[in-house]
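The values are calculated or read from the model by the stated rules, or taken from the named source; none is laboratory data. Predicted model only: the values in this text are computed from it and were never measured. Here Cβ is always computed from backbone atoms with ideal geometry, including for glycine, and neighbour counts include all displayed protein chains. Side chains are part of the model used for accessible areas, which takes the heavy atoms of the whole protein and leaves out ligands, DNA and RNA. Shrake-Rupley method; radii C 1.70, N 1.55, O 1.52, S 1.80 Å.
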Amino acid sequence: MDQRGLVERARKGDHDAFAELARAAVVRLDRAARLILRDPELARDAVQDGLIRAWRDLPGLRDPEAFDGWLHRLTVNACLDLARRRRRRPIEVELSPIHHPAIADDSVGIARRDLVDNVLRSLDPDGRAIVVLHYYLGMPLPEVAATLSIPVGTVKSRLHRALGTMRIAITDATDEPQRESIAGGQLA
Amino acid sequence: MTFEQRFERDLPLILDDIAMGPYPDYVNDVLSTTAHGRQRPGWTFPGRWLPMELTTARVPTTRLPMRQLGVLALIAILVAAMLAAYIGTHQQRVPPPFGPAANGLIAATRDGDLYAVDPRTGRDTLVLGGPTKDEWVGFTPDGTLGVFVRWGPDSGATTTGKLGTLLLGSSSAPVFIDKDVIHGDSAVDMAPNGRDVAFTTYDEGTPRQLIIVAALDGSTYHRFDDVPITDYGGVTYLAPNGDELLYIARSANNETHDIRALDVTTGRTRPIVETTAATDIFGGISASPDGKRLAYALQDRETLGVELHVIGIDGRDDKVVGHAQGASFEAWPLWDPQGKRLLIERGQPGEDFARPVIVDAAGGPDVLVQTAITSDGAWKQWAPDGSSILAQRTVNGKELGEELWDATTGAVTPASWPASTVGGWQRVAP
């Protein structure tokens with residue numbers, strides 16, 4: 001059955017349909033939550049919270065086609081709720097070891113990944129959420145703005161700042177010839 | 001391709017790489033929890049009571065040739081002058097800021113222009129037109145000023161605007177609070193002194209909601225940076241003097257919400273309703289015209305039932321009001337100008353809509369309004385004399401035409417003027 005059919009069944013209380021939707025989405029939700037919270041246990045809590053809210057509030061979802069974006073929104077907001085709740089406590093970075101790198105596993109690729117990882121940690125959860133929503137979950141900026149309940153201008157300026165920070169960090173850590181090869185494996 | 005372009009192109013893969021981890025098998029625990037959890041009835045989901053992004057639904061104003069602009073501006077000035085003269089000859093005294101008043105004009109916005117409608121005749125008059133994109137907020141409590149938002153250039157999604165004021169009964173040009181601070185979901189309330197306005201806005205840096213109190217002529221502007229307002233519920237001046245603003249804040253448990261009052265002079269806040277993890281504030285709140293009581297709705301987070309409460313403004317004497325036998329949802333209270341009746345929305349188990357009902361706070365019989373409200377909600381305001389309710393329902397994301405609900409019979413009458421977005425009902429001296 002297609003996703004729309006599953007959503008319509010789940011809205012009417014069919015838990016098996018909801019389970020199928022949840023299992024299909026959980027890997028991506030888990031990764032997005034880990035990127036935002038930088039803590040696998042907190043990410044687990046946030047995804048659990050997002051999925052429980054999704055089941056409870058599914059009858060309120062008017063457009064079944066909007067399910068993916070709606071579920072992302074619930075999960076990201078659960079992440080931000082958790083982050084705000086625990087702001088007084090330092091969030092420990094306990095990311096699991098990398099199992100299957102998706103990009104070329106060479107020293108340059110690892111260096112670039114580590115740089116981005118470090119810069120991502122230096123952003124606050126709201127800033128990370130914008131980067132994750134736009135670049136990882138592929139949301140257009142107006143949708144990011146709606147998800148986070150902030151003006152699209154704010155999203156643009158925060159994204160600009162976050163990307164600027166990442167670029168500066170990479171620029172500072174590498175010289176120009178290396179940057180060219182880091183970026184795409186070949187000179188522009 | 002530049003370094004920046006390649007970086008942005010590769011970023012999704014890098015992020016995927018950073019986030020790589022084992023399969024999240026805790027999903028099975030989640031599913032065993034949800035299998036035993038109840039789903040929420042359609043009308044109770046939170047989206048219906050979060051403020052709507054006004055600007056996303058608006059059509060951008062088309063840029064017009066300069067000649068037409070000039071003609072339109074001239075017409076607008078002439079019409080404003082005529083309206084000013086009309087209103088000036090019809091309003092000599094002003095009503096007190098709270099309580100019953102006579103019914104004046106209705107603020108209606110169409111296509112970025114401001115109109116004033118005489119509800120007795122249905123005739124509408126252009127108040128402010130032209131290429132700018134304006135939207136009514138309402139009238140000051142004394143009925144002498146019209147307050148509106150002038151939206152800035154459309155950015156394709158949301159945008160910001162400035163609060164402007166029209167002196168009714170005068171041909172003077174609008175006055176603006178010269179800051180681009182109004183957003184699509186800002187809440188605005190006019191102070192009983194007729195000079196100040198309170199509104200919510202975003203701090204672009206954090207981001208978070210803030211309360212601003214400013215003079216409508218732009219002469220004063222104060223940010224309450226330390227008051228952690230949430231992104232719904234708005235701000236409401238409290239009678240009789242407007243010394244305090246009611247707002248909704250996050251509870252200490254960081255899960256639920258409280259109702260608090262902000263002293264606009266000292267910046268101090270005090271709790272009125274504090275929730276525990278078991279219950280939460282649901283939807284809008286309403287202060288009685290005498291400033292002594294507050295109506296609000298409380299949701300049981302386990303059963304999801306919503307009950308209507310009335311509490312003293314000092315946080316004492318909390319009572320459940322009007323809970324009809326069998327109703328599972330009663331919320332969105334709105335005091336009438338006399339402070340005796342409450343317009344609420346009532347839902348029954350198994351229905352995916354709510355019905356507007358007028359409840360007698362003293363326990364008299366209810367008046368059932370002959371219509372239904374979907375989860376999209378409805379804008380509602382009592383007529384200043386308390387005889388009817390001006391309402392605009394939204395269904396499937398689309399605003400319907402305005403309606404008048406008779407407060408005695410519950411009959412619904414479609415408005416006789418062209419469909420608009422309503423902004424408020426002017427209070428005038430009896």
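Observations on the model:
- Peptide A:22-30 has a mean shielding of 4, counted as Cβ atoms of other protein chains within 10 Å of each residue's Cβ.
- The order of A:Lys156, B:Lys380 by accessible area, most exposed first and with a 1.4 Å probe, is A:Lys156, B:Lys380.
- Net +/- balance of residues flanking B:Ala215 in space, Cβ distance below 13 Å, scoring K and R +1, D and E -1: -1
- Ranked from largest to smallest solvent-accessible area, with a 1.4 Å probe on the protein heavy atoms, B:Asp314, B:Asp124 come out as B:Asp314, B:Asp124.
- A Förster distance of 56 Å, applied to the separation of the beta-carbon atoms of B:Asp118 and A:Asp16, puts the FRET efficiency at 0.45.
- Long pairs among A:Lys12/B:Lys398; B:Lys133/B:Lys162; A:Lys156/B:Lys162; A:Lys156/B:Lys179, criterion Cα-Cα beyond 18 Å: A:Lys12/B:Lys398; A:Lys156/B:Lys162; A:Lys156/B:Lys179
- 10 Å Cβ neighbours from other chains, averaged over peptide B:23-29: 6
- A simple spin-label model places pseudo-atoms 7 Å from Cα toward Cβ; at B:Ala102 and B:Asp317 they are separated by 3.4 nm.
- Rg/Rh, computed from the Cα trace of region A:21-73 with Rh as the Kirkwood radius, has the value 0.98.
- Solvent exposure of B:Leu11, expressed as accessible area, is near 0 Å², computed with a probe of 1.4 Å over the protein chains only.
- Among the protein heavy atoms, those of B:Lys179 account for about 90 Å² of accessible surface (1.4 Å probe, every chain in place).
- Average beta carbon contacts from partner chains per residue of B:30-37, 10 Å cutoff: 6
- Annotation: lysines with alpha-carbon distance below 19 angstrom to B:Lys340 (same-chain offsets under eight excluded): B:Lys292, B:Lys319, B:Lys380.
- Counting Lys and Arg as +1 and Asp and Glu as -1 over every other residue whose Cβ lies under 12 Å from the Cβ of A:Val7, the net charge comes to -2.
- Taking all protein chains together and rolling a 1.4 Å probe, B:Arg393 ends up with roughly 40 Å² accessible.
- Two-site FRET efficiency, B:His222 against B:Ile77, from Cβ-Cβ distance with R₀ of 35 Å, rounded to 0.05: 0.60
- For B:Asp406 and B:Asp352, the difference between the fully extended length at 0.36 nm per residue and the C-alpha to C-alpha distance is 17.0 nm.
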